[in-house]
1. Could you look through segment 98-123, keep only residues that are closer than 16 Å to Y51 by Cα and touching a helix residue (DSSP H, G or I) at 6+ places or on another chain (Cβ under 7 Å), and pick out the one that is modelled with the highest pLDDT?
2. In segment 75-97, which residues are of a type outside the set (G, A, S), under 19 Å from R130 (Cα atoms) and at pLDDT below 85?
3. Please specify each residue of segment 16-28 satisfying the condition of being touching a strand residue (DSSP E or B) at 6+ places or on another chain (Cβ under 6 Å) and not charged (D, E, K, R).
4. Using the structure shown, decide if T35 is without any contact (Cβ under 8 Å) to a residue 40 or more places away in the chain and out of contact with any helix residue (DSSP H, G or I) (no Cβ under 6 Å at 6 or more places or on another chain).
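The values are calculated or read from the model by the stated rules, or taken from the named source; none is laboratory data. Keep in mind that what you see is a predicted model, and the values were worked out from it rather than measured. Cβ placement follows ideal geometry from the backbone for every residue including glycine, while neighbour counts extend to all protein chains displayed.
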Amino acid sequence: MELYSYGNDKFEYTIKQESLTAEKTCKNFLKYSITFESPYASSLAVNNNVYGELFLKENFFKKNSNISPSSKNQIPDKFKYYDKEIPFMILLHGFSTRNEKLKTYHNFIYNMLDENVACLFINLPFHLKRRPHSETSGRRLIYYDDLDTLLFFHQC
């Protein structure tokens, strides 16, 4: 049984390296922002771009990976050397999460990196960067009925 089918369209994304604190840099942690169009469109354009943060360690790459990834919509050369044996976790935050509450999630991610687990932290629909500017993060979900909640997770 297939719950959702998003088709086999070409997947395009934008990725760029982000700065970390000196402490995290000393541990060879890497952070990238990643953006891509949701394969399932909602009624709000601002919600249809998915935002995430990709957290890795320098030693998750094999060989000669000192290539700085570009921000073009193509697979960066550096990621050709990613060790696919490294466990990879996709992390979603809780409902109504705001930027000022992300520290706990980031601490969890750094602990996972210490355990050699890569993490992709994705913004839920109608939250953080995916919310209309006039709304509080996650506010729209408070009034959802069951069908709206199902559609929310479909897009998520």
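1. Kept after step one, since they are closer than 16 Å to Y51 by Cα, are these residues of segment 98-123: 98-99, 102, 105-106, 119-123.
Applying the additional criterion that residues be touching a helix residue (DSSP H, G or I) at 6+ places or on another chain (Cβ under 7 Å) yields 99, 119, 121, 123.
Details: N99: 57, C119: 96, F121: 89, N123: 81.
So, considering only residues that are closer than 16 Å to Y51 by Cα and touching a helix residue (DSSP H, G or I) at 6+ places or on another chain (Cβ under 7 Å), the one modelled with the highest pLDDT is C119.
2. Across segment 75-97, the qualifying residues are L92, H93, F95, T97.
3. First, the residues of segment 16-28 that are touching a strand residue (DSSP E or B) at 6+ places or on another chain (Cβ under 6 Å): 16-18, 20, 28.
Those that are touching a strand residue (DSSP E or B) at 6+ places or on another chain (Cβ under 6 Å) and not charged (D, E, K, R): Q17, L20, N28.
4. Numbers: without any contact (Cβ under 8 Å) to a residue 40 or more places away in the chain: yes; out of contact with any helix residue (DSSP H, G or I) (no Cβ under 6 Å at 6 or more places or on another chain): yes.
Judged against the criteria, T35 is a match.
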